[in-house]
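Here is the structure we will look at.
The values are calculated or read from the model by the stated rules, or taken from the named source; none is laboratory data. Owing to the predicted nature of the structure, the values given are computational and were not obtained by experimental measurement. Positions of Cβ are backbone-derived with ideal geometry, glycine not excepted, and every protein chain shown enters the neighbour counts. Each accessible area value is taken on the protein alone, full model and side chains, heavy atoms only, with ligands, DNA and RNA left out. Shrake-Rupley method; radii C 1.70, N 1.55, O 1.52, S 1.80 Å.
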Amino acid sequence: MSACVVSPEQLQAYLATAVALAKEVGPVFKDGFWRTGQFATGNDFAAIDKMGNEADCVTAVDCHIEKVIFSRLREIYPEHKFVGEETTAEIGNKYKVTDDPTWVVDPVDGTNNFVHHFPYTGISIGLTINKEPVVGVIYLPVLDELYTAAKGLGAQLNGQSLPIFSFPTLTTPTSLSQCSMVSEHGSLRSESCIKSRLDTFKRLLLERDQGGASIRNLRFTGSAASDLALVAKGVAEIYWETGPHAWDYAAGVIIVLESGGAVFDGSGWWGSSIPDDEKSPQPLNIWNRKILAVRHMPDLIGKPGSGCQIQKHLAAAVLNLVEDNPYEPDGSH
Ligand code: IPD
């Protein structure tokens, strides 16, 4: 099938639809945020464990919001495809990833935060065309932050261009020790998984003369969409995670890119046999569940193009320290 072509006007229209939908479901989200609880059993606001894993849960609000968003989108764009966290949970990983316009939606990203009333949780609506994100909306209703972007049309937070800072407030770090990083520990709690995460975080934090990166700080918001929003905003330099799904970050990826940030494949090189001269950060495939994002870096004075070089340099420095983990890709290809 030939690749889909889309005009800026059409992208703008898709973005307007996604914004309207996020705003429509915002009040239900906010209401649910204050009423949902781990022990609110027997009503619509209970948190239900997914597959017996208490670290991964779903609420009726997740399902309701996804239904509303998809039913509206199906009315407007009957020919489009749809991938949503809760729909996919019902049918399993049995959908085909195609070049067609595909709405990739997480109705509540950061469900654990939602259940624990921690405000980094929101609605993530992405649209992919030719398998890549072209429109993204992340709405964090409790923080009242609406992040929006469309390919070639820039990225905004509540209408203000991203990143919200610029030079000289936003400077360009040259090493990880000057960077603030966001990551996640994920919901898999096996011995091997936790060991690999902790070893990775240890190397990132450890002093440089002991082989680490002495990264300035490492934070976990509990929401991949929020992590990417922080990178686009310019308040976190780097986000790395393996394991999240396309619906967690499809929207965030285009928001980061349109804010001047860069995204890469997050497969780590620690313990790999790749020779040093072949180590170069690879393009991100959003269906592969391994992501590394670096915020916009202003060029150094008198050095055009240096910002992009530094993004790659920082990405390589992270990939050198993080471990790869096997994850089944999203969908079939
Ligand atoms: C999760 C969050 C979390 C990330 C997980 C995601 P959910 O999304 O984004 O930060 O570590 O990989 O699954 O399940 O709360 O929508």
**Study point:** Failed item in (1) open to solvent by 50 Å² or more (accessible area, probe 1.4 Å); (2) assigned to a loop (DSSP other than H, G, I, E, B); (3) modelled with pLDDT under 95, with Asn112 passing the rest
**Key:** (2)
Check your understanding: Does Thr171 satisfy the criteria of being over 30 Å from Thr36 (Cα atoms) and open to solvent by less than 10 Å² (accessible area, probe 1.4 Å)?
Key -> no
Exercise for review: Pull up segment 196-216, narrow it to residues that are among the hydrophobic types (A, V, I, L, M, F, W, C) and either free of Cβ contacts under 8 Å to residues at least 24 places away in the same chain or assigned to a helix (DSSP H, G or I) (or both), then point me to the one that is least open to solvent (accessible area, probe 1.4 Å).
Suggested key: Leu204
Review point. Looking at (1) of a type in the set (Gly, Ala, Ser); (2) under 28 Å from Ile69 (Cα atoms); (3) exposed (fewer than 15 other Cβ atoms within 10 Å of the Cβ), which is the only condition Ser190 fails?
Key: (2)
Exercise for review: Please indicate, with yes or no, whether at least one residue in segment 115-130 is closer than 19 Å to Cys63 by Cα, surrounded by fewer than 21 Cβ atoms within 10 Å (Cβ to Cβ) and over 14 Å from the mean Cα position of the chain (by Cα).
Suggested key: yes
Review point. Which ones in segment 89-109 are over 28 Å from Leu143 (Cα atoms) and either within 13 Å of the ligand (Cβ to nearest atom) or in a helix (DSSP H, G or I) (or both)?
Key: Glu90, Ile91
Exercise for review: Report, by residue number, each residue of segment 135-147 that is away from the ligand (no atom under 14 Å from the Cβ), aliphatic (A, V, I, L, M) and open to solvent by less than 10 Å² (accessible area, probe 1.4 Å).
Suggested key: Val135, Val137
Check your understanding: Mind checking which residues of segment 257-295 are within 20 Å of Val182 (Cβ to Cβ) and open to solvent by 60 Å² or more (accessible area, probe 1.4 Å)?
Key -> Leu257, Trp270
Practice item. Confirm whether Leu73 is in a helix (DSSP H, G or I), open to solvent by less than 30 Å² (accessible area, probe 1.4 Å) and under 16 Å from Tyr14 (Cα atoms). Key: yes
**Study point:** Candidates Gln178, Gln160, Gln210, filtered to the one that is more than 19 Å from Ala317 (Cα to Cα) and more than 16 Å from the ligand (Cβ to nearest atom)
**Key:** Gln160
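Table: residues versus (1) of a type in the set (S, T, N, Q); (2) over 20 Å from Val134 (Cβ atoms); (3) in a loop (DSSP other than H, G, I, E, B).
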{"site": "Ile286", "(1), (2), (3)": "no, no, yes"}
{"site": "Ile291", "(1), (2), (3)": "no, no, no"}
{"site": "Pro298", "(1), (2), (3)": "no, yes, yes"}
{"site": "Gly307", "(1), (2), (3)": "no, yes, no"}
{"site": "Ile310", "(1), (2), (3)": "no, yes, no"}
{"site": "Ala315", "(1), (2), (3)": "no, yes, no"}
{"site": "Val318", "(1), (2), (3)": "no, yes, no"}
{"site": "Val322", "(1), (2), (3)": "no, yes, yes"}
{"site": "Pro326", "(1), (2), (3)": "no, yes, yes"}
Check your understanding: Residue check: is Gly152 of a type outside the set (Lys, Arg), closer than 27 Å to Asp109 by Cα and in contact with a Cys (Cβ under 9 Å, 6 or more places away or on another chain)?
Key -> no
Review point. Failed condition for Gly126, given (1) more than 18 Å from Gly84 (Cα to Cα); (2) assigned to a strand (DSSP E or B); (3) of a type in the set (Gly, Ala, Ser), with all others met?
Key: (1)
Exercise for review: For segment 234-256, name all the residues that are buried (at least 24 other Cβ atoms within 10 Å of the Cβ), more than 16 Å from Glu132 (Cα to Cα) and away from the ligand (no atom under 16 Å from the Cβ).
Suggested key: Glu237
Revision key, fill the gap. For segment 12-26, pairs from a residue that is surrounded by 19 or more Cβ atoms within 10 Å (Cβ to Cβ) to a residue that is basic (Lys, Arg), with Cβ under 7 Å and 6 or more apart or across chains, are Leu21/Arg72
Check your understanding: Hey, does segment 80-103 have a residue that's at pLDDT below 95, farther than 20 Å from Ile291 by Cβ and among the acidic types (Asp, Glu)?
Key -> yes
